[in-house]
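Here is the structure we will look at.
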Amino acid sequence: MADRSQRVLLLIIAIGFFMQSLDATILNTALPSIAADLHASPLKMQMVVISYILTVALLIPTSGWLADRFGTQRLFLAAIIFFCLGSLLCSLSTTLWQLVAARVVQGIGGAFLQPIGRLVVLRSFPGKDFVRALSFVTIPALVGPLLGPTVGGWLAQYATWHWIFLINLPIGVIGLWGVSKKMPNFRQPTPVFDWAGFAFFGGGLLMLSLALQGLGDRALSTALSLCLLLAGCALQMTYWLRAFKVEQPLFSPSLFKIPTYAIGMFGNIFSRLGSGSMPFLTPLFLQLSLGFSPSKAGLMMIASAASAISAKTVVTILLARWGYRMVLSTNTILLGLMMASFALVTPQTPLLLLLVQLAFFGFINSVQFTAMNSLTLQDLGTEVVSSGNSLFSVIMQLSMSFGIAVSSVFLNLFSQDGVERAFHLTYLLVGALTLCASMIFLQVRREDARRV
């Protein structure tokens, strides 16, 4: 890893990681400003976030196959081009639906930046160098959430929200130059891809997401939303029934025969339905209910991001001392209670207390994600690790998407009682939803509970 060209390669991949992680958080604090400019309700801006997350989730399963088919360099170049094109279209949007469509284009690029970057690192740095190389390129992924809310709030308040997207263009140009010069174009023979399974799986998820959106912001009639919900469930059932019969399904049902994987996946779904909504809910709450400016709301979110980074060093110690079962079941209860505690926040709440609350939530949330991820992936054998990791990545993205959609349903349902009460009730419900996951983690077997 001392080779100069290898260091440049890692820096290029890190740029891609930084672009995606920054974009994931920079938008949230600017949503009220964007809503005002586009003449839309700030409580109905969730589609701007969900359209990106859902696009990323739907395309992740194709990333490995496309990389093997067309080459890592070509796919990474295409990813940066789509990401920058989407960013430019976002900045030019004059209506909410134009912005949503532009976010889909951006999501096409975002879906491949991190998976292909990890693949290049894996193939370029064998053995012991892999962990060090991957640690280097993931540092920007931790810095992005730290800077994102503050930069987004500052740009929305002192410039215009359009710069939130335009800031990606010079970074993307540097990335394009570096990838074209330094990134190897790894290719491998490609097996038959399960396109039919991809259609059933992706179509079902898309319909489920549209149904939740229709119920949340009432853009669709209740009857049509329920029809989409049923159709989405039917397509998902079709996929999994078909997966038992084909030789190489997109995701094998045999994955769920691994106890730690099954528990980790279901626990992830319910935990992230609640905590995944928080980056969307909290900046809105700080501005619409507490009256914070966009820049002040962004600064407040640093407390969560900074404490989340600090928690990374503690998780291994906690797991070694108490094991997965105790840590996850207890931490999930704390996580649900912390989310519900935001229902107690009012404009009279002392600023220092709110900062402590945000920091404590960020710490617990980081412990939760790290422990869940470790539990879920630890027992995957070499023959299923690719499929299991891909499905896990999809579920992480979709749980955040559905979490935002569910919280939007609650917000719009309670909005007639006033903005502050709507947020308070929503925090209570997403906290209660998260508490349910603690029962799932109690199912970890005793022989797996202390294995780290």
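The values are calculated or read from the model by the stated rules, or taken from the named source; none is laboratory data. Everything numeric in this text was worked out from a predicted model, so none of it was measured. Neighbour counts are summed over all protein chains in view; Cβ atoms, including those assigned to glycine, are modelled from backbone coordinates with ideal geometry. Accessible surface is based on the protein model in full, side chains and every heavy atom, while ligands, DNA and RNA are left aside. Shrake-Rupley method; radii C 1.70, N 1.55, O 1.52, S 1.80 Å.
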Taking loop as defined by DSSP and a crowding limit of 10 other beta carbons within 10 Å, which trypsin sites (Lys or Arg not before Pro) in segment 35-144 fit?
LYS128
Show me the helices of the chain, taken as full DSSP H stretches, that run 18 Å or more along their long axis by Cα and average 0.5 or above in Kyte-Doolittle hydropathy.
4-26, 46-59, 72-92, 96-124, 129-158, 168-182, 195-217, 222-243, 294-341, 351-377, 385-414, 419-435
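Which value results when the Cα radius of gyration for segment 7-111 is divided by 2.2 N^0.38 Å? Spell out each step's value before the answer.
Working: Rg = 14.8 Å, N = 105, 2.2 N^0.38 = 12.9 Å.
Dividing the Cα radius of gyration by 2.2 N^0.38 Å gives 1.15.
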With a 1.4 Å probe and all protein chains kept in place, how much accessible area does ILE171 have, in Å² rounded to the nearest 10?
40
Here the FRET efficiency for ILE81 versus ARG321, based on Cβ atoms and R0 = 60 Å and rounded to 0.05, is 0.80
Convex hull per residue volume in Å³, alpha carbons only, for segment 324-452
107
Please go through segment 160-213 and write out the trypsin sites (Lys or Arg not before Pro) that DSSP classes as loop and that have at most 16 other C-beta atoms within 10 Å.
ARG187
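Can you give the FRET efficiency to the nearest 0.05 for THR330 and LEU226, using r as the Cβ-Cβ distance and R₀ = 35 Å?
Once rounded, the FRET efficiency stands at 0.40.
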Stretched fully, the stretch from ARG132 through TRP177 gains (0.36 nm per residue minus C-alpha distance, one decimal, in nm) 13.7 nm
I need the peptides 403-416, 272-285, 9-22 ranked by packing, meaning the mean over residues of other C-beta atoms within 10 angstrom, with the highest value on top.
272-285, 9-22, 403-416
Roughly how much of ASP379 is accessible, in Å² to the nearest 10, using a 1.4 Å probe?
50
Give me the extension gain from LEU442 to CYS233: residue separation times 0.36 nm, minus the current Cα-Cα distance, reported in nm with one decimal.
72.5 nm
Given points 7 Å out from each Cα along the Cα-Cβ axis, report the SER415 to THR313 separation in nanometres with one decimal.
4.4
